[in-house]
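This report refers to the structure that appears directly beneath it.
The values are calculated or read from the model by the stated rules, or taken from the named source; none is laboratory data. Owing to the predicted nature of the structure, the values given are computational and were not obtained by experimental measurement. In this analysis, Cβ positions are derived from the backbone assuming ideal geometry, glycine residues included, and neighbour counts consider all displayed protein chains.
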Amino acid sequence: MLYHKPHSEFANASCRSKYEHPCYCKNLPVIPPTFLSALHAYELYHEKCTRGINITALGVEGEVVEGCKYLVWKAKDGMGNQLLSLVCAFIYSLLTQRAMLIATDSHIQNYLCDPFPLSSWLLPHDFPEPHLRTSAKRVADYIAETVEQKADHTHNFSATTPKHLQVYINCCDKRHDHPFFCPGAQNLCTDINWIFYHSHEHTLPAFYLIPEFRNKLTRWFPNHDAFMHVSRYLLHPQDAIWEHISEFYKAHMDGVPRLLGIQARVWNKDYKPTVSRQISRCIIEQTLLPKHSQDAINKTAEALASAIAPVPSAMHVQKKQPDILVLVASLRPEYKEDLAVQYAQNDGADGGLHVTVITASAERSQRTGNGAHDVAAIVDIWLLSFMHEMVVTPYSTFGSVASGMAGIVPLLMINYGKQKMEEAACVRNNVAGPCFLVYPRNQTCELDGPSFAIADPASMVPEVRYCERYTGLGVQSSFYIP
């Protein structure tokens, strides 16, 4: 079953990844029929609200087509943050029946196909998104004003409803707009014509705290795997990028019995040998790859460094296809090289496992906004999402987006790069998909009365729990555990 219906008459029909993507996924659960129904209804709604409409004129005036409301998404930070924010913005649009449109200066349209079959998700180029967003009232400020106005019973409350509202969910904004996740705030937002959604966070867990949203999410996603299904519907690389992804897969991974992805985040551009050692400890402790003696590793490293290649004997014939292929995704090439040295002798000639270690890119530093760099990030994320097993870095949206798309619960490196030998190098994560890093807590909900507050969000509903190994709030799902 596909999320998209192949049809030549669709305006946005040319996107191979929409229909070929399932061929590479290792976890293919049934798509919930309730979610498919919601998607197809939304596609018709989006067409009604955007196709043949002067969106710029409506946006400037804050007006809407009858029966329509809008959400405008703006990219923020690196590719991992952009993708998870885009998924959450779309989920919110589904929950609140808003036509989602994306700002063209986000440039995500240069990499991803338009997901909607009969209408575009792009704002017109003349749409003044930065001006309208930054001049719009912040949601927390609007809520505070509303509380004051309700206390003044003589005030004409309806006359003060703004036509534009800005929602800014940022880790470094001291939770200013977190009243947005209160039920009363959502009731207030239903009257807003245009919401400008600017975030780099995974806000999905907080949507479960709103009873109306929780009911819909549970109906659409009985297994609480919204991120996986929505990302597979929404995020599809354009044909040129998909060609790169699919050809790389066919050249290196096709038919390999076991695919292992390792994502090693780099924050300060520096290569840290302690991270390489932690990766090695993790894969041995978790029996993902065979263990070698340090002497054998040292001899291999010395031979490679001096360009001395062992002469194969008549009986030493390397297997053509590996038994295990390891894809290392990192800005620094050294992490792949260190692991490749460790397993250079595992060519399967002696009847043992043939292990191959590869990488698809090595950008060395993050350059978000650079076209080639962003393409390399997308290629890495999608290739990682095709793995059987994954080891990822805490606090990195890059790895959590890949594992969320894959629908698997990854292994998470703990005490990253600190070489705490008395503790495990990695453990199985306790939540599926990304975590909401700076989540709402100790949040009063003044529009809901004293009986409702978001004090301890993980205790409010069973679907939400704390991410155990690093700060955050996640969704408890029945994702596949390798």
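Filtering the range 51-94 to residues that are closer than 17 Å to His164 by Cα and under 29 Å from the mean Cα position of the chain (by Cα) leaves Ile55, Gly59, Cys68, Lys69, Tyr70, Leu71, Val72, Trp73, Lys74, Ala89, Tyr92, Ser93. Could you go through the range 401-415 and let me know if any residue there is more than 25 Å from Pro273 (Cβ to Cβ), surrounded by fewer than 17 Cβ atoms within 10 Å (Cβ to Cβ) and of a type outside the set (A, V, I, L, M). Looking through the range 401-415, none of the residues is more than 25 Å from Pro273 (Cβ to Cβ), surrounded by fewer than 17 Cβ atoms within 10 Å (Cβ to Cβ) and of a type outside the set (A, V, I, L, M).
One line per residue, one yes/no per condition, for (1) within 20 Å of Pro333 (Cα to Cα); (2) aromatic (Phe, Trp, Tyr); (3) in contact with a His (Cβ under 8 Å, 6 or more places away or on another chain):
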{"residue": "Pro222", "(1), (2), (3)": "no, no, no"}
{"residue": "Asp225", "(1), (2), (3)": "no, no, no"}
{"residue": "Tyr233", "(1), (2), (3)": "no, yes, yes"}
{"residue": "Pro237", "(1), (2), (3)": "no, no, no"}
{"residue": "Asn268", "(1), (2), (3)": "yes, no, no"}
{"residue": "Val275", "(1), (2), (3)": "yes, no, no"}
{"residue": "Gln278", "(1), (2), (3)": "yes, no, no"}
{"residue": "Ile284", "(1), (2), (3)": "no, no, no"}
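Restricting attention to the range 365-393 and to residues that are modelled with pLDDT of 95 or more and acidic (Asp, Glu), the residue that is surrounded by the most Cβ atoms within 10 Å (Cβ to Cβ) turns out to be Asp380.
Scanning the range 13-37 for residues that are crowded, with 18+ Cβ neighbours inside 10 Å and assigned to a helix (DSSP H, G or I) yields Ser17, Lys18, His21, Phe35. Say whether the condition of being modelled with pLDDT of 95 or more, touching a helix residue (DSSP H, G or I) at 6+ places or on another chain (Cβ under 8 Å), in a helix (DSSP H, G or I) and under 30 Å from Pro457 (Cβ atoms) is met by at least one residue in the range 244-265. The answer is no; no qualifying residue exists.
Could you please find all residues in the range 418-449 being more than 21 Å from Asp173 (Cβ to Cβ) and either among the aliphatic types (A, V, I, L, M) or surrounded by 18 or more Cβ atoms within 10 Å (Cβ to Cβ) (or both)? Those that are more than 21 Å from Asp173 (Cβ to Cβ) and either among the aliphatic types (A, V, I, L, M) or surrounded by 18 or more Cβ atoms within 10 Å (Cβ to Cβ) (or both): Met421, Ala424, Ala425, Cys426, Val427, Asn429, Val431, Ala432, Gly433. Taking the condition buried (at least 19 other Cβ atoms within 10 Å of the Cβ) and in contact with a Ser or Thr (Cβ under 7 Å, 6 or more places away or on another chain), does Ala99 pass? The answer is yes for Ala99.
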